[in-house]
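The values are calculated or read from the model by the stated rules, or taken from the named source; none is laboratory data. A quick note: this is a predicted structure, and the numbers were derived from the prediction, not measured. Quick reminder, even Gly has a Cβ in these numbers, built from the backbone with ideal geometry, and neighbours come from all protein chains shown.
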Amino acid sequence: MPDRVVIIGNGIAGVTAARFLRKASDARITVVSAETKYHFARTALMYAYMGHLNRRDLKPYEDAFWSKNRFEIRQEYAAHVDTEACEVQLASGERIGYDRLVLATGSRPVRYDWPGQHLGGVQGLYSMQDLDTMEQSTKGIRRAVVVGGGLIGIELAEMLRSRHIDVTFLVREAAYMEFAFSPEESAMIHRQIEAHGVDLRLNTELDRIEDDVSGQGGSGHVSSVRTSSGERIECGFVGIATGVAPRIELAKASSIETDLGILVERHFSTNVPNVYAAGDCAQFRTPLAHGGTVEQLWYSARRQGKTLGRILAGESIEYEEPVFYNSAKFFDLEFQTYGRVPAQAEGTILWENERGNRALRLAVDDAGAVLGVNGFGIRLDHARWATAIREGHPVDRITESIDEYLFNPEFDSRISRDLTRTLSAT
Amino acid sequence: MTEADHSISIADLGRGEAWIDAGYVYRRVAIWLGGAGTVFLVLALFSLPPVRPLPAAVIGILLLTAAATATIAGRRSGSFPIEIPRSRWPGVVTGLGVLGLLVSVAGAGQSYPVPMFWAGTGLLTLGGTWMIVARYSGAKPGLDNDGVKRGDTTNRGALGWMLAIAMTGFYVILYWYPSALEGITRTMDPLAYAISGQPATQWFMYGTFYTLAILVMGVRALYRYRHSRYHVIRTLVLMTVQLVLAYVIPQILVLFNQPEFYFSYFWPLKWTYLWPADFGIGWILSGGGDVGVFMVLWGAIMSFVATPILTYFYGKRWYCSWVCGCGGLAETAGDPFRHLAPRSLDSWRLERWLVHGSLAFIVALTALLWINSALEGGIFGGFSGAAARAYGFLFGAVWAGVIGVGFYPVLGSRIWCRYGCPMAAILGLQQRFFSRFRITTNGGQCISCGNCSAYCEMGIDVRWYAQRGQNIIRASCVGCGVCATVCPRGVLKLENGPRDGRFNGPVLIERDDVGVLSQD
């Protein structure tokens, strides 16, 4: 009898685990998700809203891919996990037995107990259902407020602006993502935000959400917000982007150990035998390179899923962190990062072009070896930079052949000379 | 939720702002079509100049049918956010230009060629350019695909289908009933005399429209992709090649009593250019003289020397998206429809059979014709060159014209290129097996969003490769570069490089996400 593996969650971690298990095994693989029938790229939800893509375009694999590769797909809500009986109980009452279970339940947007946070028209953006709700809630509105100066917040602002909805962007910090970026980098992003007509409010938090327009009793739907500076802003929609937390209700209601997330070893095992967790919902027992124990990133979830799939197929491996990398797009400004770049300017070299729309910041150690790099409006070659950072190459080894470290398109304006001059100057 | 949130009117929002409404676009289109149709019917009914009653009546009925279709479709359509233009005048001028063309066709063109040229072609060109400038000149440089997947005309809605029917209908009439277009053709006489010394034919009229379409929609492409140097340069080259090599020069050759030769088209695409005797090169050489000899040699060298060399260094993009006129129209006028290209596995299977079959057929036919010539009619006997050219033309006409262009609004901009063009087939084979071109993917940075696959006009699943960190080398890739432009993380890069290792993923690096990915 082939091994039966049940995976709860069809996000990137869950399906990558499923795919890599299938590559090496004839196990019976069942993927359970209430969100959608087939896996879709959550990263593209914003493009569906903006009309760049259809819902169907969000699916990386043709629907037939799943049956062709003998995956059992169940669009059901997993209500309960019984680790004694080794069964997943669905909301419909049906029980699915497993030999091994993978929890890849992802994360959920976090709210911070603001009065009115459960009013209509107030939501985060994570799931397909969130996208549907947002489509409905933003019909015909004049202004929206986005709370949270991070990567999702700026995407929400871009989405709303694509429909010419006025946006007020509440950012708690004194500069956008000042915990990650230098003042020049934040300033570059501010310019983008303002160029796209967003009303940026730094040093401002959300205080409360209100629904009482005329003082005659609440309508149940947001009509305005109050900020920490006492200002009242009328709006028809509030986008919450103040972070995500692992989605762990299933584990918490069972004997699976949780903390912030579902606790796992480096080989993704939980405290319960034959139960694993990976992706946004997983929390490593030992810290990762950046010091934290959870890593809620698309790339990390994909890699975790891949490693877990191979482990389930019998390989004796552990999760190995690559040289850290991430990317984003702030309106029209592309961003990539490799390795570790501190927010402070100290120990880093900054190059910025004259127009102020391209920048590179290099983090080096005392010996001049490169530790990390941020690229704004510049494309950086992943393989080259990962090698340079992992092997601790000195800066001049990079500047000697800087073109090989750039991934810019043909005919792009030549920045190599200017870049080399700045990087070599120190 | 209050009613007010859903019932904001145009008056409240003002122009230049997006609005969600089911029927706005349809109502406007229906009003224009209905109004114009009524005018034509009235003119026909009362036999009023400047139009002739029968063509006016036909046009009137067609317009009213279109108006009714638009009205019905509008009632049944869903809602979609649209951008309301800031000023109505560019659209009005364009509409008047279309009206002018219809009035020309209905008889006014023969009677008043010069004014109707300006009232039709002139206003259409002016209005179209104005609409584009108005839409894009104030915008920030950067990708803007907002709403592309929702508009009716560009997503096989009723208006999209109506446009496809109109375009296909134009091609059918152009090839098989050209006298029906006399009205427009005659308005082109002054221009034709000026450039070629001859009166206009329906082909001159067609070539003029084709070139104007590439130029005007080329302006649109330049605006839309101005943040990408590759696109700007490529679009300018396409526009210049079309205007100079595929429009002006052929006509000037006619002016000097030389063959009307297109230097930017060669065998196996323009297959008659290397067919023997009066099936092909006989006609080019018939004028006697060195120019004809030069043209034939040019064709042979381009087909057998320059093409393989350029394709080796640059892939097939040097021709398919930088030089060829079919590509020129696809990248400019076809750009709004690129995402409609069929993308299924089945469409790819069909594509491989058809396009390589087409190449095999043309190669075989060319060989047979040459053998036939050597045997002095031994194979085809009395079958005339004129007939061969006519049949050959028709094959290309139906594929490239009627289906290839007429179906832009339904099947995207590259149907001829994918399913019919023998040049695409041979260039594709070389690109796949013997060239330095590839689209490199940047390690593990792909987020699987799908923009690349959605906007590939050849229906290639670019995402499939990008998310595995694998280079894209596909016979059908024309190197337009749009996938790289729409990618929100800059993961794709068109480049030429050493053939060694072209098919690998990125450099294998142990313990790095990049290296692990390339085993996907």
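Checking each residue in the stretch A:134-153 for being away from chain B (no Cβ under 12 Å) and on the phi > 0 side of the Ramachandran plot picks out only A:Gly148.
Quick check, is B:Ala194 under 23 Å from B:Trp118 (Cα atoms) and surrounded by fewer than 17 Cβ atoms within 10 Å (Cβ to Cβ)? Yes, satisfied. Each residue in the stretch B:114-158 was checked for being assigned to a loop (DSSP other than H, G, I, E, B) and either within 14 Å of chain A (Cβ to nearest Cβ) or at pLDDT 95 or above (or both), and 20 pass. Within the stretch A:43-71, being surrounded by fewer than 17 Cβ atoms within 10 Å (Cβ to Cβ) and either in contact with a helix residue (DSSP H, G or I) (Cβ under 7 Å, 6 or more places away or on another chain) or not in a helix (DSSP H, G or I) (or both) holds for A:Asn54, A:Arg55, A:Glu62, A:Asn69, A:Arg70.
Mind counting the residues in the stretch B:480-501 that are under 24 Å from the mean Cα position of the chain (by Cα) and facing chain A (nearest Cβ under 10 Å)? Walk me through how you get there before you give the answer.
From the stretch B:480-501, those under 24 Å from the mean Cα position of the chain (by Cα) are B:480-487, B:494; that's our starting set.
Filter again for facing chain A (nearest Cβ under 10 Å), leaving B:481, B:484-487, B:494.
Qualifying residue count for the region: 6.
Residues that are assigned to a loop (DSSP other than H, G, I, E, B) and either among the hydroxyl-bearing types (Ser, Thr, Tyr) or closer than 30 Å to A:Leu297 by Cβ (or both) within the stretch B:448-469 comprise B:Ser448, B:Cys449, B:Gly450, B:Cys456, B:Ile460, B:Asp461, B:Gln467, B:Arg468, B:Gly469, listed in sequence order. Looking across A:Thr168, A:Thr105, one residue alone is within 19 Å of the chain's Cα centre (by Cα), of a type in the set (Ser, Thr, Tyr) and surrounded by 20 or more Cβ atoms within 10 Å (Cβ to Cβ). It is A:Thr105. The residues in the stretch B:340-375 that are within 30 Å of B:Thr129 (Cβ to Cβ) and touching an Asp or Glu at 6+ places or on another chain (Cβ under 8 Å) can be counted, and the count is 1. Does the stretch B:206-227 include one or more residues that are within 14 Å of chain A (Cβ to nearest Cβ), part of a helix (DSSP H, G or I), surrounded by 20 or more Cβ atoms within 10 Å (Cβ to Cβ) and in contact with a helix residue (DSSP H, G or I) (Cβ under 8 Å, 6 or more places away or on another chain)? Within the stretch B:206-227, one or more residues are within 14 Å of chain A (Cβ to nearest Cβ), part of a helix (DSSP H, G or I), surrounded by 20 or more Cβ atoms within 10 Å (Cβ to Cβ) and in contact with a helix residue (DSSP H, G or I) (Cβ under 8 Å, 6 or more places away or on another chain). In summary, A:Thr387 fulfils each of the numbered conditions (1) within 14 Å of chain B (Cβ to nearest Cβ); (2) farther than 30 Å from B:Lys140 by Cβ; (3) more than 30 Å from the chain's Cα centre (by Cα) with the single exception of condition (3).
Scanning the stretch A:107-122 for residues that are under 18 Å from A:Ala157 (Cα atoms) and within 14 Å of another protein chain (Cβ to nearest Cβ) yields A:Gly121, A:Val122. Within the stretch B:195-205, the set of residues being outside any helix (DSSP H, G or I) and either under 15 Å from the mean Cα position of the chain (by Cα) or among the small types (Gly, Ala, Ser) (or both) comprises B:Gly197, B:Ala200. The criterion of being free of Cβ contacts under 8 Å to residues at least 40 places away in the same chain, under 23 Å from A:Phe331 (Cα atoms) and not acidic (Asp, Glu) does not hold for B:Gly100. Sort out which residues of the stretch A:198-254 are closer than 30 Å to A:Ala277 by Cα and part of a loop (DSSP other than H, G, I, E, B), and write them in order of number. Within the stretch A:198-254, A:Ala241, A:Thr242, A:Gly243, A:Arg247, A:Ile248, A:Ala253, A:Ser254 qualify.
When the strands (runs of 3 or more DSSP E) confined to the stretch A:85-170 are screened for residues that are without any contact (Cβ under 8 Å) to a residue 24 or more places away in the chain, those reaching at least 1 such residues are found at A:87-90, A:95-97.
For the stretch A:28-42, the set of residues classified as in contact with a helix residue (DSSP H, G or I) (Cβ under 7 Å, 6 or more places away or on another chain) and more than 10 Å from every other protein chain (Cβ to nearest Cβ) consists of A:Ile29, A:Val31, A:Glu35, A:Thr36, A:Tyr38, listed by residue number.
Residues checked against (1) within 24 Å of the chain's Cα centre (by Cα); (2) at negative phi; (3) within 14 Å of chain B (Cβ to nearest Cβ):
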position: A:Gln192; (1), (2), (3): yes, yes, yes
position: A:Arg226; (1), (2), (3): no, yes, no
position: A:Arg247; (1), (2), (3): yes, yes, no
position: A:Ala253; (1), (2), (3): no, yes, no
position: A:Asp259; (1), (2), (3): yes, yes, no
position: A:Glu265; (1), (2), (3): yes, yes, no
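Of the helices (runs of 4 or more DSSP H) lying entirely inside the stretch B:1-98, those containing at least 3 residues that are surrounded by 15 or more Cβ atoms within 10 Å (Cβ to Cβ), away from every other protein chain (no Cβ under 14 Å) and at pLDDT 90 or above span B:24-45, B:53-76. One residue stands out in the stretch B:399-447 among those that are assigned to a helix (DSSP H, G or I) and among the small types (Gly, Ala, Ser): the one that is surrounded by the most Cβ atoms within 10 Å (Cβ to Cβ), namely B:Ala424.
Collect the residues in the stretch A:267-303 that are basic (Lys, Arg) and within 14 Å of chain B (Cβ to nearest Cβ), keeping them in residue-number order. A:Arg302, A:Arg303 - these are the residues of the stretch A:267-303 that are basic (Lys, Arg) and within 14 Å of chain B (Cβ to nearest Cβ).
Check B:Trp161, B:Trp176 and return the single one that is over 20 Å from B:Ala106 (Cβ atoms) and at pLDDT below 95. Spell out the reasoning first.
Working: B:Trp176 fails: over 20 Å from B:Ala106 (Cβ atoms).
Unique residue meeting the criteria: B:Trp161.
For beta carbons closer than 7 Å, sequence separation of 6+ or different chains, a first residue in the stretch A:396-414 that is within 12 Å of chain B (Cβ to nearest Cβ) and a second that is aromatic (Phe, Trp, Tyr) and not in a loop (DSSP other than H, G, I, E, B), the qualifying pairs are A:Tyr405/A:Trp385; A:Pro409/B:Tyr230; A:Glu410/B:Tyr230; A:Phe411/B:Tyr230.
What residue, of A:Val225, A:Val213, is farther than 20 Å from A:Tyr126 by Cα, out of contact with any His (no Cβ under 8 Å at 6 or more places or on another chain), among the aliphatic types (A, V, I, L, M) and modelled with pLDDT under 95? Explain how you work it out, then say what you get.
Details: A:Val225 fails: modelled with pLDDT under 95.
When all the criteria are applied, what remains is A:Val213.
Would you confirm, using the coordinates I've provided, whether A:Asn10 is touching a strand residue (DSSP E or B) at 6+ places or on another chain (Cβ under 6 Å) and in a loop (DSSP other than H, G, I, E, B)? Against the criterion (touching a strand residue (DSSP E or B) at 6+ places or on another chain (Cβ under 6 Å) and in a loop (DSSP other than H, G, I, E, B)), A:Asn10 qualifies.
Taking B:Phe256 as the residue in question, decide whether it is aromatic (Phe, Trp, Tyr) and touching a helix residue (DSSP H, G or I) at 6+ places or on another chain (Cβ under 8 Å). Considered against the rule, which asks whether it is aromatic (Phe, Trp, Tyr) and touching a helix residue (DSSP H, G or I) at 6+ places or on another chain (Cβ under 8 Å), B:Phe256 comes out as no. Only residues that are more than 10 Å from chain A (Cβ to nearest Cβ) and touching a residue at least 40 places away in the same chain (Cβ under 8 Å) were counted across the stretch B:461-478, and they come to 8.
Matching residues to (1) closer than 27 Å to A:Arg142 by Cβ; (2) under 29 Å from the mean Cα position of the chain (by Cα); (3) small (Gly, Ala, Ser):
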{"site": "B:Thr38", "(1), (2), (3)": "no, no, no"}
{"site": "B:Leu48", "(1), (2), (3)": "no, no, no"}
{"site": "B:Leu62", "(1), (2), (3)": "no, yes, no"}
{"site": "B:Ala73", "(1), (2), (3)": "no, yes, yes"}
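Being of a type in the set (D, E, K, R) and either assigned to a loop (DSSP other than H, G, I, E, B) or crowded, with 23+ Cβ neighbours inside 10 Å (or both) is the filter here; which residues of the stretch A:22-41 pass it? Of everything in the stretch A:22-41, those that are of a type in the set (D, E, K, R) and either assigned to a loop (DSSP other than H, G, I, E, B) or crowded, with 23+ Cβ neighbours inside 10 Å (or both) turn out to be A:Asp26, A:Glu35, A:Lys37.
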